[in-house]
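The values are calculated or read from the model by the stated rules, or taken from the named source; none is laboratory data. A quick note: this is a predicted structure, and the numbers were derived from the prediction, not measured. FYI the Cβ positions are ideal-geometry reconstructions off the backbone, even for glycines, and counts take in every protein chain you see. Surface areas here come from the heavy atoms of the whole protein model, side chains and all, with no ligands, DNA or RNA. Shrake-Rupley method; radii C 1.70, N 1.55, O 1.52, S 1.80 Å.
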Amino acid sequence: MRRSLRQLPEPIRAQIPAGAKVLASRELTDGHWAVATAERVLVLEAEKSLVDRPWAEVDRATMDSDTEELTVTWVDGAEPTVLPVGDQPGVADFTFAVKERVDNSLVHVETEELPGGGVLRGAIRRNPDGSLFSQVTISGARRTPTDIDRRAADLETRIRGVVGLTP
């Protein structure tokens, strides 16, 4: 459900950075609050912040309608954050805001299958200020190839070139 900052409970509102533009928020079924701002994803409880990360750190977010949970997966491999969003009105608005912010942070993505399994992923991401940066991650590799550093450097050079960034 779309909410202005004023509509959030005071203990939650007090934790949102000054000047942040709240796009959507949702009281979760566990009593926490999930807040999508233009720059960050937040998960808050009355006394503390549980998650406060920029959109460029989100790898993906997937909704499971059977469990009524939105799972946010991080590019750094940290444990995914599971948000029990429930099925009350406004869930679609919140999940759409999350999808839009993740999509907005991704400018270009390329993947490369690795020998022996796994994927090397290169992405050009957008910072909140609009500047671009590159990310290269590896996932699912049972055994890292001996030339992984060269492969990662080549992928990063290639994706940076696509958007006109210097290698």
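Of Asp66, Asp59, Asp76, which residue is open to solvent by 60 Å² or more (accessible area, probe 1.4 Å), out of contact with any helix residue (DSSP H, G or I) (no Cβ under 8 Å at 6 or more places or on another chain) and either among the charged types (D, E, K, R) or free of Cβ contacts under 8 Å to residues at least 60 places away in the same chain (or both)?
Exactly one of Asp66, Asp59, Asp76 is open to solvent by 60 Å² or more (accessible area, probe 1.4 Å), out of contact with any helix residue (DSSP H, G or I) (no Cβ under 8 Å at 6 or more places or on another chain) and either among the charged types (D, E, K, R) or free of Cβ contacts under 8 Å to residues at least 60 places away in the same chain (or both), namely Asp66.
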Of the candidates Ala92, Ala46, the one satisfying the condition of being in a helix (DSSP H, G or I) and either out of contact with any helix residue (DSSP H, G or I) (no Cβ under 6 Å at 6 or more places or on another chain) or open to solvent by 50 Å² or more (accessible area, probe 1.4 Å) (or both) is Ala92
Residue pairs, Cβ under 9 Å, 6 or more apart or interchain, first in segment 122-134 and in a loop (DSSP other than H, G, I, E, B), second open to solvent by 50 Å² or more (accessible area, probe 1.4 Å) and of a type in the set (A, V, I, L, M, F, W, C). List them.
Asn127/Phe133
Open to solvent by 70 Å² or more (accessible area, probe 1.4 Å) and modelled with pLDDT of 90 or more: does that describe Arg143?
no
Condition first: among the small types (Gly, Ala, Ser) and over 12 Å from the mean Cα position of the chain (by Cα). Now tell me which residues in segment 39-70 satisfy that.
Ala46, Ser49, Ser65
If the requirement is being in contact with a strand residue (DSSP E or B) (Cβ under 6 Å, 6 or more places away or on another chain), over 21 Å from Thr29 (Cα atoms) and open to solvent by 70 Å² or more (accessible area, probe 1.4 Å), which of these qualifies: Val162, Val109?
Val162
Where Ser105 falls short, out of the listed (1) touching a helix residue (DSSP H, G or I) at 6+ places or on another chain (Cβ under 9 Å); (2) of a type in the set (Ser, Thr, Tyr); (3) more than 12 Å from Val58 (Cα to Cα)
(3)
(1) in a helix (DSSP H, G or I); (2) touching a Lys or Arg at 6+ places or on another chain (Cβ under 9 Å); (3) crowded, with 17+ Cβ neighbours inside 10 Å all hold for Asn104 apart from (3)
